[in-house]
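Reading through the structure tokens given below for one structure.
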Amino acid sequence: MLEYCIDERADREDLDVRVVTSGSKLSPEDAADLMKLAAQISPQIVVVVSPNATLPGPMTVAKEFAGKDIPTIFITDKPGSKATESLEKMGHGYLVVSADSMIGARREFLDPTEMALFNAEMVGVLSATGVYAFLTQEIEKVIAGVKENRKPTLPRVKINSELATEGFFTNPYARCKAIAALEIAEQVAKITTRACFVEKDRDTYTTLCSSAHEMLSAALELSREAREIEKAGDHLLRQPHMSDGSLGRKSRLLEKPVKRSSG
């Protein structure tokens, strides 16, 4: 979803986005193929989105871009936070999304339908609670720096529930529900990790996978409730992009966005 977060209406005139992906595989060989494709694009900014940035595949990409004069940001999950020191040493930025939890990847439980539902619910939680807005703002700061021909300050942030929701809600009850949703989503990983890598009994790990996915569904419901509270008071924050790339801002449904700097 990230590429759409920085150009949600497909009308920005100040940038073009290209996406290369390895799909679900994260091997060094896949990473090497991606690097060949990326080289053909000659990017001015690189954003790498990957679960667990400590894995060989993401690290291959990190090492390839180390020392190059291309601002590079890694967006990863909580296990990937172990890579932050290495990423800093290589000159990269990072945004760690603690609530972006591992899926229940057991064959007895996970099929394409369940996979799609889990990811749809995760996107719902991360968007309604302010995580995507936070990611967008941090990336926009880097884009602004490149546009102004200056070396941008790269983000190096571990995004927790309090940081993501700060300033995103006007109603304190809405923010409380959003924090609760993100805390639940973060706990999903503990259950799925145990199910996928610890438990050997089929009935046990299948039940745990299902329980973790039920937790995410509950988190999504809390996220929706938080958004509905904001809507009820006509204070729902919207930050649309303008055609020049700057971010607008509005909170009331029928008002126009006020243009503000993307930096």
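From the largest down, the chain spans 57, 50, 30 angstrom on the principal axes of its Cα atoms. Only bridges with both residues in the chain count here: give the DSSP antiparallel percent, nearest 5. Of those bridges, close to 30 percent are antiparallel.
In terms of packing, defined here as the mean over residues of other Cβ atoms within 10 angstrom, the peptides 207-215, 107-115, 24-32 line up highest first as 207-215, 24-32, 107-115.
Largest GNM mean-square fluctuation among Leu55, Leu154, Leu87, using the chain with Cα springs under 10 Å: Leu55. The separation of the range 1-75 from the range 232-253, counted between C-alpha centres, amounts to 28 Å.
Over all directions, average the projected area of the Cα convex hull of the range 169-263 and note it in nm². It would help to have the intermediate numbers written out before the result.
Details: hull surface 33.7 nm².
The directionally averaged projection comes out at 8.4 nm².
Distance check, please: which entries in Lys36/Lys147; Lys89/Lys147; Lys89/Lys158; Lys141/Lys256; Lys89/Lys151 exceed 27 angstrom between their Cα atoms? Too far apart for the 27 Å limit: no listed pair. For the range 49-104, compute Rh as the Kirkwood radius over C-alpha pairs and then the Stokes-Einstein diffusion coefficient at 25 °C and 0.890 mPa s; write the answer in µm²/s, rounded to an integer. For the chosen part, D equals 220 µm²/s. Taken along its three principal axes, the alpha carbon spread of the range 1-125 comes to 45, 36, 25 Å, from the longest extent down to the shortest. Sequentially through the range 231-248, phi angles give Karplus couplings (6.51, -1.76, 1.60; θ = phi - 60°) of 5, 4, x, 6, 10, 7, 6, 10, 10, x, 7, 8, 5, 8, x, 6, 8, x Hz, Gly and Pro residues having no value and appearing as x.
Cβ crowding within 10 Å, taken as a proxy for footprinting-reagent exposure, orders Leu135, Leu222, Leu2, Leu253 from fewest neighbours to most as Leu253, Leu2, Leu222, Leu135. Based on DSSP H runs of at least 4 residues, each adding -39500 (n - 2.57), what is the mean residue ellipticity at 222 nm of the chain after dividing by all its residues, to the nearest 500 deg cm²/dmol? After summing the helix terms and dividing by residue count, I get -16000 deg cm²/dmol. Using a cut-off of under 17 Å, list every residue of the range 34-60 whose amide N is near the label point 7 Å from the Cα of Glu88 along the Cα-to-beta-carbon line. Those under the cut-off are 53-54. Please work out the C-alpha center-to-center distance from the range 176-230 to the range 79-147 and express it in whole Å. Each part's Cα centre sits 16 Å from the other's. For the range 73-165, the pair-distance distribution built from all alpha carbon pairs, in bins 10 Å wide starting at 0, is 15, 38, 31, 13, 3, 0 percent.
Annotation: amide H of Val48 within the under-5 Å range of Ile73, Phe74, Ile75, sequence separation 5 or more or interchain, hydrogens built in the peptide plane. A simple charge model with +1 on the Cβ of Lys and Arg, -1 on the Cβ of Asp and Glu and nothing else charged puts the dipole of the chain at about 620 debye relative to its Cα centre. When Rg and Dmax are taken over the Cα atoms of the range 129-194, they come to 15.2, 47 Å.
Note on the range 114-238: Cα-Cα pairs beyond 20 Å make up 53% of the total pair count.
Protection proxy ranking, highest mean first, for peptides 238-248, 122-132: 122-132, 238-248, where packing is the per-residue count of other beta-carbon atoms within 10 Å, averaged. May I ask you to derive the FRET efficiency for Arg18 and Gln187 from their Cβ-Cβ distance with R0 = 45 Å, giving the value to the nearest 0.05? For R0 = 45 Å, the calculated efficiency reads 0.80.
Every number in this text was worked out from the coordinates using simple rules, so none of it is lab data. What you see is a predicted model, and the numbers here were worked out from it, not measured in a lab. Glycine also receives a Cβ, built like all others from the backbone with ideal geometry; neighbour counts cover every protein chain displayed.
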